[in-house]
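See structure below.
The values are calculated or read from the model by the stated rules, or taken from the named source; none is laboratory data. None of the values given here were measured: they were computed from a predicted structure. Positions of Cβ are generated from backbone atoms using ideal geometry, with glycine treated the same way; all protein chains shown enter the neighbour counts.
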Amino acid sequence: MNQQLLKAINELVNVKPSGLTEKIIASLNSGWFIYYKASGVLTQNRERKDSKASQKETVHIVPYTGENAAVKSMMNYLDKNLNTDLVGAYIHGSLATGEEIAYSDFDALVIIKDEVFENKQRFIKVCRKLNASLRIMYEYDPLQHHGWFVLCESHLKNYPVTFFPPQLFPYSKSLLSSSGRQLHINFENTACDFKIPAINLITELEKKLSLRNIPENAFQLKSILSEFMLLPAFFYQAKNSKSIYKKFSFTETKKYFTEQEWVIMDTVSEIRKNWRKPVFRNRIIKNIYSSENYLIKKLVKKLPLFFDNNNLNFDIKIQMLDFIKAAKAKI
């Protein structure tokens, strides 16, 4: 499976430029960035030669029937604008299971049909429509730190298990009214190196928590807490070479740590439980925070606004770093 292509598609849809030129283009207009980046992604897709993996699995996903306004808005948007372009679209996490709290963000996966990649204009249109839909996510959670998880149809022939574990599908819900209820997945679980994502996450957290002035605002705080709470799942997967549903990873991973080491995970879980979502009484401020524009989102991340939640004091950061060090040693 071409990891570079997977990364490029996700950067394109969610407008995540990597180089200076791309950042300038994205800052001027996210649509320009998509036009600029599209040709490279299409070239990579044509050059890809994925073969079918040996292990097969059929997953069934039931439609979303809850009452969350943001999810229903996204369903309407996708049905109206992208229904013929997608294999499926899925909500996962607490929004899918009906367990959302103030901390919950909008976790969703979209799978683009292979035929979309055969026509450049259609591909660009799909990318722009998906990028525009991010506004629904940001309106639901202005502190959202990620966009869509994106796959293309041919990824199902050699499924990226470490990118979006198949174990998530039974706890996901379909966002499309007429498709995507059943997926046939081919994968090589034994060929997956689950240690790489775990080490990458640990390295990123060590870097952020070692900075004295991080987090500077609620956006950065939530991002760090969310990444930290991914550690149990990533650790378990690295230790056992198989994926696990995040909700169950806490109980399973706790077995590898002492009570003293695990205390910080309970502390962070409590911060999550008592989280207070920012209230935007000013429509202009809300529009700024819910914008999908690259430059605006970058600027918002720097603003010391809405830091009325629990902060990470020095002791908590040290405990988090100690836990990360212990996890790294145990892997």
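Specify which of the listed residues (GLN3, GLN55) is under 14 Å from LEU151 (Cβ atoms) and surrounded by fewer than 16 Cβ atoms within 10 Å (Cβ to Cβ).
Every option except GLN3 fails the conditions.
Would you check which residues across segment 263-283 are among the charged types (D, E, K, R) and modelled with pLDDT under 80 and list them? It would help to see each step written out before you state the result.
So the first thing to find is which residues in segment 263-283 are among the charged types (D, E, K, R), and the list is 266, 270, 272-273, 276-277, 281, 283.
Scanning segment 263-283 gives LYS277, ARG281, ARG283.
Look at SER249 and say whether it is crowded, with 17+ Cβ neighbours inside 10 Å, outside the structural domain of LYS157 (by TED's automatic domain parsing), touching a residue at least 40 places away in the same chain (Cβ under 8 Å) and part of a helix (DSSP H, G or I).
no
Scan segment 1-27 residue by residue and report those that are out of contact with any Phe, Trp or Tyr (no Cβ under 9 Å at 6 or more places or on another chain) and touching a residue at least 12 places away in the same chain (Cβ under 8 Å).
Filtering segment 1-27 for residues out of contact with any Phe, Trp or Tyr (no Cβ under 9 Å at 6 or more places or on another chain) gives 2, 4-5, 7-9, 11, 18-20, 24.
The answer is ASN2, GLN4, LEU5, ALA8, ILE9, GLU11.
Is it the case that ILE202 is over 24 Å from LYS297 (Cα atoms) and of a type outside the set (S, T, N, Q)?
Spelling it out, ILE202 is indeed over 24 Å from LYS297 (Cα atoms) and of a type outside the set (S, T, N, Q).
Find the residue count for segment 145-201, including only residues that are over 24 Å from VAL126 (Cβ atoms) and basic (Lys, Arg).
So the count comes out to 1.
Can you run down the residue pairs with Cβ atoms below 6 Å, 6 or more apart or on separate chains, where the first is in segment 79-96 and touching a residue at least 40 places away in the same chain (Cβ under 8 Å) and of a type in the set (Val, Ile, Thr) and the partner is surrounded by fewer than 18 Cβ atoms within 10 Å (Cβ to Cβ) and assigned to a helix (DSSP H, G or I)?
Going by the 6 Å Cβ cut-off, the qualifying pairs are VAL87/GLU153.
List the strands (runs of 3 or more DSSP E) inside segment 75-165, counting only whole elements, that have at least 1 residues being touching a Cys at 6+ places or on another chain (Cβ under 8 Å) and crowded, with 18+ Cβ neighbours inside 10 Å.
Answer list for segment 75-165: 107-112.
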